[in-house]
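Engineer: Below is a structure I'd like to ask you about.
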Amino acid sequence: MNPLEMQLNYPFGETLPETGKVMEIAPGVLWLRMALPFALNHINLWLIEDDYETEHGMVHGWTAVDCGIASDATRDAWEVLFGSQTEGLRGLPIVRVLATHCHPDHIGLADWLCTRWNAPLWMTAGEYSFARMMSASLPGADGTAMYPHFRKHGLVDPAMQDSIKDRKGHYTKLVPSVPAAYHRMQDGHDVKIGDRKWRVITGFGHSPEHAALFCEELNLLISGDMVLPRISTNVSVFAIEPEANPVQQYLDSLKKFAGLPEDVLILPSHGKPFKGLHTRIQQLNDHHIERLAEVMTACVTPQSAVDIVPVMFPRALDAHQMTFAIGEALAHLHKLWIDGALRRQLDDDGVLRFAVR
């Protein structure tokens with residue numbers, strides 16, 4: 001949690017949209033929240049009033065930014081909105097589904113929404129490709145690749161091993177399918193939604209090619225998971241890219257937001273809309289500097305990623321949280337290793353360990 005959260009400004013205070021209802025936060029921009037069955041128990045979704053040109057002509061409705069996981073509860077919450085003629089969507093259709101990235105809470109119901117409304121999916125190529133790979137459980141991107149990867153980085157606890165092995169179908173349960181076609185978004189390009197332009201800002205480290213959206217006219221930034229107010233964005237090394245450097249990628253990506261106005265209203269995927277972009281970017285940079293220093297100190301003696309987990313996360317973790325914790329611990333080790341501050345060795349027990357040079 002962000003210990004300096006009080007430095008940020010929450011224009012809407014503690015007001016939150018109720019499940020199955022929306023809250024207008026700017027002209028033609030609606031906020032809704034969907035529940036998640038994790039410790040991070042919600043996701044913010046956004047609806048932007050739109051006039052979308054189809055092969056049958058112009059259609060007036062909504063562009064949905066992110067979808068929620070594929071679950072009966074999430075589908076039911078969407079159906080409540082679709083059924084309301086007097087509030088919410090005002091009986092207007094979904095004309096486009098835009099996913100910021102491939103994680104289940106953002107794309108889980110994309111195929112259902114696109115099919116239900118005959119609406120196209122818009123994503124970056126990197127995110128769409130990974131979503132297709134993971135929902136198809138391709139080798140290397142499937143859950144079975146997770147355990148050997150974590151075993152190599154020190155996961156030897158039998159109970160946790162079994163729990164993680166049981167998660168091999170986790171992604172496909174939450175994202176059972178992805179649309180077979182999509183419209184590509186690219187960094188720096190404008191997406192016209194209604195009569196306003198939203199500039200695509202891609203980010204890396206958290207996911208393959210995350211898309212945030214900035215509307216200069218409204219002074220709004222839909223930040224997805226790249227800039228969150230209360231928690232730091234997860235940056236992990238996973239089996240499919242075992243020698244990645246996501247911490248560096250993430251810190252480099254934050255620089256792309258530095259030119260936006262300090263008073264931009266940030267619409268994050270988790271937490272509440274807030275202002276104080278430059279302050280939050282500095283907080284996130286400082287956070288990672290502190291984490292890297294902690295890891296460096298620990299590596300006076302050789303440490304695996306699993307050894308580093310309690311250094312970075314000094315609390316009990318379930319299997320879901322442990323997968324992200326190991327991935328993030330390894331990400332910080334990798335940055336120090338790639339920067340030349342740590343050396344890496346494969347020990348006789350088959351575990352990779354890192355130590356100060």
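Engineer: Sticking to Cα atoms, compute the Rg of segment 316-357 to one decimal and its Dmax as the biggest Cα-Cα distance, whole number, in Å.
Structural biologist: Cα only, segment 316-357: 12.0, 33 Å (Rg, Dmax).
Engineer: Taking the alpha-carbon centroid of each part, what is the distance from segment 263-317 to segment 76-138 in angstrom?
Structural biologist: The distance from the Cα centre of segment 263-317 to that of segment 76-138 comes to 30 Å.
Engineer: Here's another thing I want to ask about it. Give me the percent of the accessible area of segment 200-267 that comes from carbon and sulfur atoms, probe 1.4 Å, all protein chains in place.
Structural biologist: After summing per-atom areas, the C and S share lands at 51 percent.
Engineer: Need the C-alpha centroid separation for segment 334-349 versus segment 54-73, integer Å.
Structural biologist: Cα centroid to Cα centroid, the span is 45 Å.
Engineer: In percent, what relative contact order does the chain have, based on Cα pairs under 8 Å that are 6 or more apart in sequence? Write down the numbers at each step before the final one.
Structural biologist: Numbers: 700 pairs, mean separation 53.6, N = 357.
Reported as a whole number, the value is 15 percent.
Engineer: On the principal axes of its Cα set, how long, how wide and how thick is the chain? Give whole Å, largest value first.
Structural biologist: Each principal axis gives a Cα extent; for the chain these are 65, 40, 34 Å.
Engineer: If you don't mind, another one. 222 nm [θ] for the chain, helices only, -39500 (n - 2.57) per DSSP H run of 4+, per residue, to 500?
Structural biologist: Values: 11 runs with 114 residues, N = 357.
After summing the helix terms and dividing by the residues of the chain, the value is -9500 deg cm²/dmol.
Engineer: Pick from Ala211, Ala180, Ala325: which is most flexible by mean-square fluctuation in a GNM of the chain where alpha carbon atoms under 10 Å apart are linked?
Structural biologist: Answer for the Gaussian network model of the chain: Ala180.
Engineer: Now for a different question. Pairs of lysines 8 or more apart, or on different chains, with alpha carbons under 20 Å: count those in the chain, would you?
Structural biologist: 10
Engineer: Got a number for carbon plus sulfur as a percent of segment 107-197's accessible area, 1.4 Å probe?
Structural biologist: Working: 2380 of 4540 Å².
The nonpolar share, carbon plus sulfur, comes to 52 percent.
Engineer: Same structure, new question: Averaged across orientations, what area in nm² does the convex hull of the alpha carbons in segment 42-87 project?
Structural biologist: Working: hull surface 17.0 nm².
For the Cα atoms of segment 42-87, the hull's average projected area reads 4.2 nm².
Engineer: So, for segment 207-356, what is the accessible surface per residue at a probe of 1.4 Å, expressed in square angstrom? The partial results should precede the final answer.
Structural biologist: Numbers: 5590 Å² over 150 residues.
That works out to 37 Å² per residue.
Engineer: Please determine, in degrees from 0 to 90 and to the nearest 10, the orientation of helix 72-83 with respect to the longest principal axis defined by the Cα atoms of the chain, where the helix direction is its Cα long axis.
Structural biologist: 20
Engineer: If you project the alpha carbons of segment 173-264 onto their three principal axes, what span does each projection cover, largest first, in Å?
Structural biologist: Computed over the Cα atoms, the extents are 42, 34, 23 Å.
Engineer: Related question: Mind checking the angle between helix 277-298 and the chain's longest principal axis? C-alpha axes, 0 to 90 degrees, to the nearest 10.
Structural biologist: 20
Engineer: On average over all directions, what projected area in square nanometres does segment 32-138 have, based on the convex hull of its Cα atoms? Kindly include the intermediate steps, with their values, before the conclusion.
Structural biologist: Values: hull surface 28.9 nm².
Reported value for the Cα convex hull: 7.2 nm².
Engineer: List the residues of segment 206-244 whose backbone N lies under 19 Å from a point placed 7 Å from the Cα of Leu317 along the Cα-to-Cβ direction.
Structural biologist: Under cut-off, by backbone N: 206-207, 231-244.
Engineer: Counting only heavy atoms of the protein chains, get the accessible area per residue of segment 1-49 (1.4 Å probe) and round it to a whole Å² value.
Structural biologist: On the way: 2500 Å² over 49 residues.
On a per-residue basis, 51 Å².
Engineer: Would you mind getting the accessible area per residue of segment 123-206, heavy atoms of the protein chains only, 1.4 Å probe, in Å²? Walk me through the intermediate numbers first.
Structural biologist: Details: 4130 Å² over 84 residues.
Ligands and nucleic acids excluded, the result is 49 Å² per residue.
The values are calculated or read from the model by the stated rules, or taken from the named source; none is laboratory data. Being a predicted model, the structure only gives us computed values, none of them experimental. All Cβ positions, glycine included, derive from the backbone under ideal geometry; neighbour counts span all protein chains shown. For the accessible areas, the whole protein counts, side chains as well, though only heavy atoms, and no ligand, DNA or RNA atoms are used. Shrake-Rupley method; radii C 1.70, N 1.55, O 1.52, S 1.80 Å.
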